Every structure is written in C-alpha cells, then in structure tokens.
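Structure first, then comments.
The values are calculated or read from the model by the stated rules, or taken from the named source; none is laboratory data. None of the values given here were measured: they were computed from a predicted structure. Reconstructed Cβ throughout: ideal geometry from the backbone, glycine too, with neighbour counts over all protein chains shown. The area values use the complete protein model at the heavy-atom level, side chains included, leaving out ligands, DNA and RNA. Shrake-Rupley method; radii C 1.70, N 1.55, O 1.52, S 1.80 Å.
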Amino acid sequence: MAKTVETHEADRDEQARPVDVVIIGAGFAGLYAVYRFRDQMGLEVQAYETGDGVGGTWYWNRYPGARCDSESFYYCFSFDRELAQDWEWSGKYPEQPEIEGYLNHVADRFALRRSIQLSTRVTRARFDDATHRWEVETEHGERVSARYLISAVGCLSAANLPEISGRDQFEGELCHTARWPKDGIDFSGKRVGLIGTGSTGIQATPVIASQADHLTVFQRTPNFTVPARHAAFAPEDQAAIKRDYDDIFKRTRESPAGFPYFPIDRSTHDVPPEERETILEGLWEEGGFKFLWGGFNDLTRDPAANEIASEFIRNKIRATVEDPETAELLCPTCHPYGSKRPPIDTDYYVSFNRDNVDLVDIKTHPIEEITATGLRTAQEEYDLDVLVFATGFDAMTGSLLKIDIEGSGGVRLADTWRDGPRTFLGLQIAGFPNLFTVTGPGSPSVLTNMPVAIEHHVNWIADCVKYMTDNGQTCVEATQSAQDAWADHVADIAAGSLMASSNSWYVGANIPGKPRAVAPYTGGQPQYRARCDEVVAFRP
Ligand SMILES: Cc1cc2nc3c(=O)[nH]c(=O)nc-3n(C[C@H](O)[C@H](O)[C@H](O)COP(=O)(O)OP(=O)(O)OC[C@H]3O[C@@H](n4cnc5c(N)ncnc54)[C@H](O)[C@@H]3O)c2cc1C
C-alpha cells in the first residue's frame, strides 16, 4: 500500500515556478480539486485546461442533442449545501448549455478561475527523485514545479477521430461531436452524414434529422437505447428535491452506481414471464438508466436474463420502426444490452420513420473512402455537405497518455501501461509517486454517476495530502504488490460481467491496437469505497 518518505528539502529548478499542487483539467474534477486544495487546505494551486473555457465534457460536447443522462439534480456537486439549494435545474436531463452554465457558475461562485490557466495544454511531467517534486511543462513552454500532480483529464475527453482513407480530402464540413464549433453548424438545406451510433450519435440523430435536408446514419454496430422521458421540473418538483437534498446525496454515496436509487435485488428467473413483461414495460415507460438495474439484479452478469431484456427492447424497435428491414438492422444481436455504455434517447428509433433519414449498414458494406464530395462504402457512394463523426473517445487512458509522463527513475507511463492500465484503486500508479488520477482506470468511474465518484476521489486525495503535510512527509506511492493485488481483483471481477465479452470502449475495442481490458472497476461503489477506507485506516 502507500509508502511515505521523510521530508527532503526541495532542490528546486530556478526556472520552474514552485507551487504545491498542479491540476490538469477544469471539468467537474479539476474545478472541485481547485476548490478543495486551495480554499479548504490553503495550498498553492495551479490548474491548466486545454479549452478556452471551464466545464470539460460540457465545454467540448456542443453537438445538437447533447444532454446528460444522469438526472440533473444528482448530476452535480454535493460539496456545498448552499450551491445545491441556490441552483435551479430546468428539468430531468438538461442540454449541454445548461450544464456548461452550471459549471461556469461554480467557477465564478468560488472564484476558481484565478487558479486556472485556460488555453494551455500540459505536455510533459517529470518526477524528480531527489526533490520529490513534479516538474510540469505546458505547450507554451511554461514550467512549474509541484509537490503533487493531480490528473483531472477526464475519462471521456480524448476525441477519437478514426483514420478513414481520404478523410482530409473532404471539401464539405467535417466535425467530431466532442470538438463541435462554438457557433454551431447550420444544417438547413444540407445533406448530412453521421458516423457512429453510440450514446452521442443516438442523441444527435433526431435533432440533426429535424434540421437537415437529409441525414444518412452510417451504422457499424446497432445499439440498445431506452427512452429518456425528459420532462421539465415544475416548481413543486424543485422544492421537493431541495427539501430532500441531504438524503439524495447520501444515497448517491451509498448506492452501487452513484445514483440515489438502490437496485432491486430480484432475479429475472424468479419472476413469471407475464409479470416480468409488466416490470420491463413499467421501466420502459419510466425511462432512463433504471431499465438496467431497476427491475432485476442479473442483467449485467447472466446472459439468459439479459437476453430477456434485450429481446424486450428489440420488440420495441420492431414496433416503432415502420420499415421492417430498417427495424431489423437497428436490432442489436451481437452484444447483450448494457455490455456497452447504455444510451438513453429522445425519439431515436422513430427518427428512422422520417422521409429524410436513411440507415446504412457499414458492417456489411464498410466505408472504403471519404471523397471530396462525400463518402463511399463497399456498396454505394453518398454525396454529403456535412460529415459528423460521433465516434467517441480513446476512453479512460487517452488523455493521460497524451502527456509525456516520466515517473521515478525516468520510467515512462506509456511504457508502464503498454499492456493496459494497472493502478492502485484507480488513484495511484506504482512508480509514479505523488501523482493522483481522479476517476482513473481501475476505479468505478464511468460505471457511476460521475460527480459522485469525482468528489469521492478528490476528497480521498486531499485527505492523503493533509496526512502527509501534517506528518512532514513528501512522497506517497502505491507499492507494486498492492497495485498488483488490486489490478488482479479488477480483472477477476470484470471477467464475470457481460461487459468483458463485448467490443466497446469500456474494453478499449474502439481504438485500433489498444490492449483489451475492462478499464473501470465493475464491483460497485460500496465495495470500492470500503477498500479506499481500509487504506486510510492503514498507517505506516
Ligand atoms: C456527451 C457526454 C455525456 C455524458 N453524460 C454523463 C452523464 O449523464 N452522467 C455521468 O455520470 N457522466 C456523463 N458523462 C461523462 C463525463 O465525462 C463526466 O460525467 C464528467 O463530466 C467528467 O468530468 P472530469 O472533470 O473528470 O473530465 P472532463 O469533463 O472530461 O474534463 C477534463 C478536462 O481536462 C482537459 N485536459 C485533458 N488533457 C489535458 C492536458 N494535457 N492539459 C490541459 N487540459 C487537459 C480537457 O480539455 C477537459 O476539459 C458524459 C460524457 C459525455 C462525453
């Protein structure tokens, strides 16, 4: 587990400005880390953010239809009671501008901007074994030296733009959904192509369809999606949420996935078929993520139970989509429901009943080339004015590995993780002292409502730093044996989940050459938090 080393006076490089903590990123994680380390612990903090605004995910993902799919009233910070009481969410699943507005409000309310340098990418970080400090370099050549380096770079922030032959010769407008222009894209009168049918493509399709002259959706893998059932909040909803907030936040910290709800502990097989159907129908009507865990406890691990829920969704697709051929094309058959990130939607399947929307199967007829005027598959050529890449992210490790990180003894993170990421609790990496990764691989991260996981991590790291400061220690590092035990446990527990067998970004399958491994911890928050608490209880 953690080892500490006695104080060693820093032999600071004159050129590097000394601070206590460098934070990389200014999304939910970076913002809270600035507040926690600077305002609550009195440390000198410098944060860097590539974007020219704060908000992370909600700064970059401005594509039409972008919304959260955790409900707003718990997809937010819980650390400040007045913040929660003052902020008004307009409805269940707000769109990107509202969430970006909330995160800007947080930055202003706690005066966080003065510690965040925007438009600045961190390019390199090197640990000095003699001084126990990180030297951090930015794209502008600036250098700072920090005792602690906090990665808040995000699990879903390195946009994945696939290498498709001819991509650069397209003469129309080409855009990745996570790098969407601030002025938006005017789709009126345009022929639009959209590649990718994950959560983002599913959110964007109905909105682009309603604006464009024509939309062609290029689908490699069909996806299961459940209706979101978005609704505006009435004043009495707002009042009830605020009255209940302490309990809501408490439940988010205790439940397996950071939601204020607890899964039903009932096997699909213990319920007769008609009753099962009624339960699934009720969940479908209610909408949202609950479909995965709000009816039965075995959908993520038992293939037979999962198949019942999967077929229920396929039947909904068949009942919604008028053209039987299109409906069958939209029905996923090669992965179980929930083994990829489960999207929720507003009017996705029904969009394929519109005259101006076509679905193209690029599994059977792959894209061969992007041309100057559109796109050519093995079967046909498509003329397009706009090409939208809804192709997701190099998830979990992409943004961290883009930084040239050198740990103790000059060991590079890229080499250490060559066969896949291994961490201690997703918080630390053996060989990289004083580096902390907020929601790193090996933690529940993307399998939770993330602000809850983020606050937990930042608080754990802050407590660790406080302990070290109070005890005059300057170096903390996961031991190799503790890391091996944790990483093996992460792999063992994932092996029993249906996620392990699907080709999704959870296992890195969307990035050519990426080592395959279930990156997030699938054991749930309670078990995970208990392990984090054990480490705190351990005193060397
Ligand atoms: C479209 C979309 C919808 C989502 N909806 C939900 C949801 O409903 N519920 C949920 O729980 N999660 C959702 N997520 C996941 C979401 O990423 C997290 O909820 C949360 O926003 C992550 O916050 P973060 O601060 O950890 O990372 P991010 O918000 O990704 O912020 C990381 C920041 O670090 C910056 N950065 C990275 N590398 C560097 C560098 N080298 N130098 C400087 N800056 C750098 C990036 O520019 C980015 O702004 C969604 C993700 C997407 C993409």
*Averaged per residue, what accessible surface does segment 476-540 expose to a 1.4 Å probe, in Å²?*
45 Å²
_Neighbourhood net charge (9 Å Cβ-Cβ; Lys/Arg +1, Asp/Glu -1) for ARG191_ = -2
*For the chain, what does -39500 (n - 2.57) per DSSP helix run (n ≥ 4), summed and divided by total residues, give at 222 nm, in deg cm²/dmol to the nearest 500?*
-9500 deg cm²/dmol
*Under a Cβ-Cβ cut-off of 13 Å, what is the net charge of the residues other than HIS335 that fall near it, where Lys and Arg count +1 and Asp and Glu count -1?*
+4
*For segment 69-99 and segment 468-491, write down the distance between their C-alpha centroids in whole Å.*
34 Å
*Highest to lowest packing among 183-189, 445-451, 286-292, scored as the average C-beta count within 10 Å*: 445-451, 286-292, 183-189
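Are there chymotrypsin sites (Phe, Trp or Tyr not before Pro) in segment 74-103 that DSSP marks as loop and that have at most 14 other Cβ atoms within 10 Å, and which are they?
Counting only loop positions with at most 14 other Cβ atoms within 10 Å, none of the chymotrypsin sites (Phe, Trp or Tyr not before Pro) in segment 74-103 qualifies.
Of all the accessible heavy-atom surface of segment 157-224, with the other protein chains kept in place and a 1.4 Å probe, what percent is carbon and sulfur?
That fraction is 42 percent.
Please tell me which of these pairs span more than 28 angstrom C-alpha to C-alpha: LYS340/LYS402; LYS242/LYS340; LYS182/LYS316; LYS363/LYS402; LYS92/LYS514? Present the calculation step by step, with values, prior to reporting the outcome.
Details: LYS340/LYS402 25 Å; LYS242/LYS340 33 Å; LYS182/LYS316 36 Å; LYS363/LYS402 30 Å; LYS92/LYS514 36 Å.
Pairs exceeding the cut-off: LYS242/LYS340; LYS182/LYS316; LYS363/LYS402; LYS92/LYS514.
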*For segment 125-175, what Kirkwood radius comes out of the mean inverse Cα-Cα distance, in Å?*
14.7 Å
*Post the alpha-carbon centroid distance, segment 515-540 to segment 157-234, in whole angstrom.*
36 Å
*With contacts defined as alpha carbon pairs under 8 Å and 6 or more residues apart, what's the relative contact order of segment 50-114 in percent?*
41 percent
_Taking the chain and dividing mean pair separation by its residue count, relative contact order in percent (alpha carbons under 8 Å, at least six apart)_ = 22 percent
*With N set to the residue count of the chain, report its C-alpha Rg divided by 2.2 N^0.38 Å to two decimal places.*
0.98
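Quantify, in whole percent, the carbon and sulfur part of the accessible surface of segment 393-514 (1.4 Å probe; protein heavy atoms only).
Ligands and nucleic acids excluded, carbon and sulfur reach 51 percent.
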*asked:* What does the C-alpha gyration tensor say about the overall shape of segment 178-334? Classify as rounded when a/c is under 1.5, otherwise prolate if a/b is larger than b/c, or oblate.
replied: oblate
*Which percent of the accessible area of segment 1-144 is formed by carbon and sulfur heavy atoms (probe 1.4 angstrom)?*
42 percent
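Kindly rank 260-268, 351-359 from highest to lowest mean number of other beta carbons found within 10 Å of each residue.
Sorting 260-268, 351-359 by mean packing, highest first, produces 351-359, 260-268.
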_Report the gain in length on full extension from ASN503 to MET41: 0.36 nm times residue separation, minus Cα-Cα distance, nm rounded to one decimal._
162.0 nm
